[in-house]
Amino acid sequence: QFFVFCHGLLQLSQLLVSGYLKSSISTIERRYGLSSQTSGLLASFNEVGNTLLIVFVSYFGSRVHRPRFIGCGAILVSLAGFLMSLPHFITGPYEYDQSVASMFSNTTDLCQPGVPGSQGNLSDAACTPHAARENHEVLLVMFIAQALLGIGGVPIQPFGISYIDDFASERNSPLYLGILFSVTVIGPGVGFMLGSAMLRFYVDIDKVTRDEVQLTNKDPRWVGAWWLGFLVAASLVALSAVPYFFFPREMPKEINALPYTSSACNRFPLFLSDFPVVLLRNLRHPVYLLVVLAQVNLSAMVAGLATFMGKFLERQFSLTASLANMMIGAVNIPGAMVGIVVGGAILKRFQMSLKQCSVMCVLGMFLCLLTAFPLLFLGCPTQKVAGVTYSESSELGHHTLECNLQCNCPEKAYNPICGSNSIEYISPCSAGCTAVNIDADNNSVLNYTDCSCINENGFWGSAKPGTCGTGCSHLFLPFVVLSCLAGFLASVSHTPSFMLILRSIQPEDKSFAVGIQFMLLRVLAWMPGPVLYGSAIDTTCILWEKKCDRKAACRYYDNNLFRQR
């Protein structure tokens, strides 16, 4: 029982690392200027290390000291977690465009007629060979960390489950495995909640004092302390790894049980010669093949959604990253959990035949489609952004409205403001604002005035800092309810679809078939899913941030396209 407790704890903290990455992905994109395709690849990269090794590890099962192997894997996972946060410590503080001169720079992004654009802003200065190299280093470190995370995770689940199954009594084994399974489902939810908590802090909380931070967490330039959660999660993994080095290789079997037999000793040489035969036998089985393909499609969707749902909520409903993660962790994931449990309960209660199982799967999916269909329409178009999504009369190319010609605005400035005419401008300079009012207490901007592009009854108007938002908050609640319901209905088919696989193949192929199933899910769903989603999201971008003449993160998406795609 102590082993089951330790294993639950370890699985929870291992999933905390990978779940936390998904919750902070939109923040990491913004901090290091990544496209969604790149961040999607990063999010699924741990599957690469995992897939390469999982088959072998599953077959070496009983020959090795399993607890010790699990402990070593956990140490690797913890190392990967610490590595994920390393970029924060090897790069300088986060820089953003600002109107108020600060200790970092005395430049400003106000409209300054007569001052040539090149000297007026920090955006252009930031492109040194060092900055470009720094960015490659960050990506390299993160990809290595993700690969390690995958490799370290390999022994944890298969060895833990087989160890428990070997030494638990027949009566208790299902209970123990059920406990572990529920933990694996809760894990990502806890990861998102951790993300929600950490992203409320400013990214450079350890490098600058509070008075120097001029951003609030509602500001589109805000970057939360994404690295903090990795430190927390990695420390937890390291702690849970300790007991594994003290468990015995074999335990006395729990009372009232069959004697323990080591089954896998002579399996491996056989495994290599039988592999193609058994593989073909299973793949030619129509039920097995169809169910696995259905699961692949569903899993690819889940993998993509889990990675980018937060980003979608942030953009579509103008939420903070922290609130978006809170929603996913507290509503969507628990909804799916309840669905899995309900599906299993129905199976057990009505002792379903294979045909009934498949009917239940189809029904669940069909209802899920019905509830998910309205989600296509729940959202608003992108806010009006002058020179990007909106132009009044004459425009001289990108971001250059006639009214701000004399300002010589730097092209890259990004410090969105919302005009009194409820049109958003990329920076105070592009709105032609020449004056700024500052709150003396906390050094934050109150508003911008004398803006030549904002026309108010024939006078120059004013603007507030921050984006105008999509004006979509009233649709947020219906969206959450429907998406939670859709997730619940899809999850109801989880257990019956597993039953279809387990009961339709020959008993001696069972463990092998499940192994192949997970292999296919990894290769066809969990790896490509986030990358495909990220690429689709990138196609809906209308304004890219430029870093050293390369595309970095996306500033504005076409929200309607983003939602539909």
Completion exercise
Note on the chain, DSSP bridge orientation, antiparallel percent to nearest 5 equals 90 percent
Practice task
Report the extension gain between MET301 and ASN217 in nm, rounded to one decimal, defined as 0.36 nm multiplied by the number of residues separating them, less their alpha carbon distance.
Solution key: 27.3 nm
Practice task
Per residue of the stretch 452-460, in order, report the coupling 6.51 cos²θ - 1.76 cosθ + 1.60 (Karplus, θ = phi - 60°) as ³J(HN,Hα) in whole Hz, putting x for Gly and Pro.
Solution key: 5, 8, 9, 9, 10, 6, x, 9, 6
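Could you give the semi-axes, largest first, of the ellipsoid that matches the stretch 393-511, computed as the square roots of 5 times the alpha carbon gyration tensor eigenvalues and rounded to whole Å?
They are 55, 18, 15 Å, listed from largest to smallest.
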Completion exercise
Taking a crude spin-label model, label points 7 Å out from Cα along the C-beta direction, the HIS65 to ILE438 distance in nm is 6.3 nm
Problem - Cα gyration tensor category, rounded, prolate or oblate, for the stretch 1-73 with a/c compared to 1.5 - result: oblate
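Please compute the length gained on full extension between LEU405 and GLU254, using 0.36 nm multiplied by the number of residues separating them and subtracting their Cα-Cα distance.
46.2 nm
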Handout entry: Solvent exposure ordering (accessible area, 1.4 Å, most first) of CYS541, CYS468
Key = CYS468, CYS541
Practice task
Let me know the charge dipole size of the chain about its Cα centre in debye, to the nearest 20, where only the beta-carbon of Lys, Arg (+1) and Asp, Glu (-1) is charged.
Solution key: 2180 debye
Fill in the blank from the handout: Taking GluC sites (Glu not before Pro) as exposed when in a DSSP loop with at most 16 other Cβ atoms inside 10 Å, the chain has its longest clean stretch at 412-565
Handout entry: Inverse mean reciprocal Cα-Cα distance (Kirkwood Rh) of the stretch 396-465, Å
Key = 12.1 Å
Fill in the blank from the handout: Quick tally, 1.4 Å probe accessible area for TRP544, TRP226, sorted with the most first, runs TRP544, TRP226
Practice task
Using only the Cα atoms of the chain, build the gyration tensor, take square roots of its eigenvalues as a ≥ b ≥ c, and label the shape rounded, prolate or oblate: rounded if a/c is under 1.5, else prolate if a/b is larger than b/c, else oblate.
Solution key: prolate
Handout entry: Long-range HN-HN contacts of ILE438 with modeled amide H, under 5 Å
Key = LEU446
Handout entry: Spin-label model distance (nm) - GLU508 vs LEU376, 7 Å beyond Cα toward Cβ
Key = 5.0 nm
Handout entry: For the stretch 404-421, Karplus couplings with θ = phi - 60° (6.51, -1.76, 1.60), whole Hz, Gly/Pro x
Key = 10, 4, 6, 7, 6, 5, x, 5, 8, 3, 9, 8, x, 10, 10, x, 5, 8
Problem - Computed [θ] at 222 nm, deg cm²/dmol, the chain (DSSP H ≥ 4; -39,500 (n - 2.57); rounded to nearest 500) - result: -18000 deg cm²/dmol
Problem - Interchain or long-range residues, amide H under 5 Å from ILE542's placed H - result: TYR556, TYR557, ASP558
Handout entry: Karplus 3J(HN,Hα) series, Hz, for the stretch 485-493 with 6.51 cos²θ - 1.76 cosθ + 1.60 (x for Gly, Pro)
Key = 5, 4, x, 4, 5, 5, 6, 4, 7
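The values are calculated or read from the model by the stated rules, or taken from the named source; none is laboratory data. What you are looking at is a predicted structure, and each value in this text was computed from that prediction instead of being measured. FYI the Cβ positions are ideal-geometry reconstructions off the backbone, even for glycines, and counts take in every protein chain you see. Surface areas here come from the heavy atoms of the whole protein model, side chains and all, with no ligands, DNA or RNA. Shrake-Rupley method; radii C 1.70, N 1.55, O 1.52, S 1.80 Å.
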